[in-house]
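Okay, structure first, notes after.
The values are calculated or read from the model by the stated rules, or taken from the named source; none is laboratory data. Model, not experiment: these values are computed from the prediction. Don't worry about glycine lacking a Cβ; one is built from the backbone with ideal geometry, like all the others, and counts go over all protein chains shown.
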Amino acid sequence: MAIEKTYAEINEKIKSGKAVVLTAEEVISLVEEKGITEAARSVDVVTTGTFGAMCSSGVFLNFGHSKPRIRMQKVWLNGVPAYTGIAAVDAYLGATELPEDDPCNNNYPGEFRYGGGHVIQDLVARKQVKLEAVSYGTDCYPRKELETFLTLDDLNEATLFNPRNAYQNYNCAVNLSGRTIYTYMGMLKPNLGNAHYSSAGQLSPLLNDPYFLTIGIGTRIFLGGGVGYVAWNGTQHFPGIQQDSAGKSYGPAGGTLSVIGDLKQMKPNWLVGTSFLGYGATLSVGLGIPIPILNEEVMRCVSVTDRDLYAPIVDYSEAYGQRIPGNLGFASYAELKSGRINLNGREIPTAPLSSYPKAREVAGILKNWIQKGEFLLTEPVKLLPSYKDEIASRTLEIKGI
Amino acid sequence: MSPKKIILRFGKDIADKPIIYCLVRDYDLVINILKANVDQNKEGTMVLELTGEKYDQGLAFLKNQGVRVQPLAEEVFRNEEKCTSCGACTDICPSGALYMERPSMEVKFESDNCIVCQICVKICPVKAMEVRF
C-alpha cells in the first residue's frame, strides 16, 4: 500500500515527541540501506540547510516618530543609505547597499568592507547604529533633519524580507582569460586556475524538493537563526531540469525563494555581513527548510546525493558578462567537493563559497527544534511554480525610443 | 621550536648577485625559502627560515652586501569566531596553509605554513583573517 502522510499527522507526531527527523545528509545512508519505501514509512521529516551569500536580502525598518515629526525622505544607517520611497519613517535597507563615499572599484579591486549586510548584522548583534535622516519639511512633518543612535530593540518593526534567496542550484565559475578576475563568485585565477561553486548540494533546500512538492507560500523555515516563512517564489524563479546539448539530464536548477521573518529573533552568526573583493558587499544567510515526508516520491527527492547533482561550468571572464548562452560542461557536487574537477582533460582546483559545515549545522538545529516539539510544519497556502510550468526567463533588450 | 622567519629586502643594484648561494657555501646555513620576489629592475624581497651555527656571521654577511634584514614580525591569524568555513580562500592560499579538510569540509589554518602574503586577508568574504604585529 502506498505511503501517504498528512501535515496534520506529522505535526501530531512532532507534538507528542514521536516524529522521526533526519537531516538530508543522514537520510542518504538510511535510503541506501533500507530503500525508499521503508525510509518513507519510518521518517517523518527531513531537514535541509544552506549558508551562503544571498545578495537579494534586506530589511524593512520602522523607526518610530521623533518629536517634532520628520517624514524621512532620505536615511542612512552607519552611513549606508536605505530606501525611503514608502511611508514616513519606514525604510528598506538592502544587503548590497554601499556608503555613498565608498571608493567602489575606483581603486580596483575594491574592498567593499562595509555595506547594508554589515549594518543588518550589527543590528542583529544589538550594536548601536547611527541613524541620519533628512526631509523637505511639511505641515504635518516639520522636522528637516535628524541624527541619533539606535539599537534593534528601539525599532517598532524590523522585518527581514529577502526577495531572492536559496538558489536551487548555482554555476561553477571559472576564468578562461589571461588575467585574474574578481567576481561575486570570488577571485578567479587566469587560464582555468581555479573553479568556484556555491551550493550545499545534497543538503540544499530546493535540491531536496526539486519539483516543489512541499515548499510553498507559508512554509515555516529556519531563517537567519530564527523562524521565518516562504513569502512567495523568489525573483528570477525559473525552475527547470538542466540538459546538455545531447539532451542528457543534469538535475534541477533555477528555483528561488522569497522569504520573510522578524529580524529581532534572528542571530548575528546566521546573518553575516560579507564582502567580495572587486565585486561588492552582501549578506550571508543561514536558511533551512523542513521537508515533510508525505509519500515515497518526496522521500525519493530528499535521498538525492552529491553524485546526482550537477553545477554548470561557466566562464566568468566573458560568457557570463556578455550573456553568451551555454556552458563548458557540468560537474557533480561530489567532484566539486573533492577539491578537483576535470575540464577538457585538465585538473582544476575547486573551492566552495557557501559553507557546507554551516549548512549541516542549520539542518541539525532545525532537526533539533522539530524533535523538541518547538517547531511545527505548515502546509503551504499555495505551492510554487515548478519545472512543469515552464517559466522562461526574460532578458532586457536595449531599445531606442 | 621552529626556526625564525626573516625577511630580506635587496635593492636592484644587488638583485643579480648570488647572495643566497654564498650563505650556503661560506656559512653552511640551512635555508628554507618561503617566498621570493626577485626582479632585477626592482627591489627584491625574500622570506626565509635560516638555521645553522654560523647564523650571526651569515646575517653580518647579508648586511655587508647591502641586504636589509628584519625579523618577520607580522603574522596572519584566523579569527575562529568570524570564519564561516566557506572555503573561498582554500584554492587561493599559495602555501596551502589554508586548506579544506575532507570530508568535513571545514577550513583549517596551519599557521606554520603561512608565508604572510596576506592575500587571504584581502579576499576573505567575512574578514576572518587578520594581520597582527
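Within segment A:338-396, restricting attention to residues that are polar (S, T, N, Q) and over 25 Å from A:A53 (Cα atoms), the residue that is nearest to the other protein chains (Cβ to nearest Cβ) is A:N342.
Under the condition of being more than 21 Å from A:S66 (Cβ to Cβ) and assigned to a loop (DSSP other than H, G, I, E, B), the residues counted in segment A:84-126 number 19. A:P239 satisfies every condition listed in (1) within 14 Å of another protein chain (Cβ to nearest Cβ); (2) buried (at least 18 other Cβ atoms within 10 Å of the Cβ) except (1).
Within segment A:143-166, is there a residue that is surrounded by fewer than 20 Cβ atoms within 10 Å (Cβ to Cβ) and closer than 30 Å to A:T180 by Cα? Within segment A:143-166, one or more residues are surrounded by fewer than 20 Cβ atoms within 10 Å (Cβ to Cβ) and closer than 30 Å to A:T180 by Cα.
Do we have any residue at all in segment A:59-76 that's assigned to a loop (DSSP other than H, G, I, E, B), closer than 30 Å to A:Y356 by Cβ and in contact with a strand residue (DSSP E or B) (Cβ under 8 Å, 6 or more places away or on another chain)? Scanning segment A:59-76, I find no residue that is assigned to a loop (DSSP other than H, G, I, E, B), closer than 30 Å to A:Y356 by Cβ and in contact with a strand residue (DSSP E or B) (Cβ under 8 Å, 6 or more places away or on another chain), so the answer is no.
Scanning segment A:27-54 for residues that are buried (at least 17 other Cβ atoms within 10 Å of the Cβ) and out of contact with any helix residue (DSSP H, G or I) (no Cβ under 6 Å at 6 or more places or on another chain) yields A:I28, A:V43, A:G52, A:A53, A:M54.
The strands (runs of 3 or more DSSP E) falling completely within segment A:150-198 that include 1 or more residues that are within 11 Å of another protein chain (Cβ to nearest Cβ) and farther than 22 Å from A:S57 by Cα map to A:186-188, A:195-197.
Evaluate segment B:67-84: report whether one residue or more is farther than 30 Å from A:L353 by Cα and of a type in the set (V, I, T).
Yes, segment B:67-84 has at least one match.
Taken together, B:M46, B:M100 contain a single residue that is within 14 Å of another protein chain (Cβ to nearest Cβ), free of Cβ contacts under 8 Å to residues at least 40 places away in the same chain, among the aliphatic types (A, V, I, L, M) and part of a strand (DSSP E or B), which is B:M100. Taking segment A:293-321 as the range and being surrounded by 24 or more Cβ atoms within 10 Å (Cβ to Cβ) and either modelled with pLDDT under 95 or in contact with an Asp or Glu (Cβ under 7 Å, 6 or more places away or on another chain) (or both) as the test, only A:I293 passes.
No other residue among B:D39, B:D26, B:D112 is assigned to a loop (DSSP other than H, G, I, E, B), at pLDDT below 95 and away from chain A (no Cβ under 14 Å) apart from B:D39. If you take the residues of segment A:193-214 that are surrounded by 24 or more Cβ atoms within 10 Å (Cβ to Cβ) and among the aliphatic types (A, V, I, L, M), which of them is nearest to A:E347 (Cα to Cα)? Filtering segment A:193-214 for residues that are surrounded by 24 or more Cβ atoms within 10 Å (Cβ to Cβ) and among the aliphatic types (A, V, I, L, M), the one nearest to A:E347 (Cα to Cα) comes out as A:A195.
This table checks each residue for (1) under 23 Å from A:L366 (Cα atoms); (2) modelled with pLDDT of 95 or more; (3) not aromatic (F, W, Y).
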| position | (1), (2), (3) |
| --- | --- |
| A:T151 | no, yes, yes |
| A:R179 | no, yes, yes |
| A:Y197 | no, yes, no |
| A:G201 | yes, yes, yes |
| A:D209 | yes, yes, yes |
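Condition (residue is touching a residue at least 60 places away in the same chain (Cβ under 8 Å) and under 25 Å from A:I10 (Cα atoms)) applied to segment A:315-334: is it met by at least one residue? No, there is no match, as no residue in segment A:315-334 is touching a residue at least 60 places away in the same chain (Cβ under 8 Å) and under 25 Å from A:I10 (Cα atoms). Of all residues in segment A:77-96, one or more are away from every other protein chain (no Cβ under 14 Å), in contact with a helix residue (DSSP H, G or I) (Cβ under 6 Å, 6 or more places away or on another chain), within 24 Å of A:V259 (Cα to Cα) and of a type in the set (G, A, S). Here segment B:52-73 is the region considered, the condition is being surrounded by 13 or more Cβ atoms within 10 Å (Cβ to Cβ) and of a type in the set (D, E, K, R), and the residue that is farthest from B:C124 (Cα to Cα) is B:K54. If you filter segment B:115-126 down to residues that are more than 10 Å from every other protein chain (Cβ to nearest Cβ) and not in a helix (DSSP H, G or I), you find that the one that is farthest from B:N32 (Cα to Cα) is B:Q118.
When A:R69 is tested against (1) surrounded by fewer than 20 Cβ atoms within 10 Å (Cβ to Cβ); (2) without any contact (Cβ under 8 Å) to a residue 60 or more places away in the chain, exactly one condition is not met: (2). Just to be sure before I move on: is A:R346 in contact (Cβ under 8 Å) with a residue 40 or more places away in the chain and surrounded by fewer than 17 Cβ atoms within 10 Å (Cβ to Cβ) in the structure I sent? Spelling it out, A:R346 is indeed in contact (Cβ under 8 Å) with a residue 40 or more places away in the chain and surrounded by fewer than 17 Cβ atoms within 10 Å (Cβ to Cβ). Among the residues of segment B:85-92, is there at least one that is touching a residue at least 12 places away in the same chain (Cβ under 8 Å) and more than 14 Å from chain A (Cβ to nearest Cβ)? Checking segment B:85-92: not a single residue is touching a residue at least 12 places away in the same chain (Cβ under 8 Å) and more than 14 Å from chain A (Cβ to nearest Cβ).
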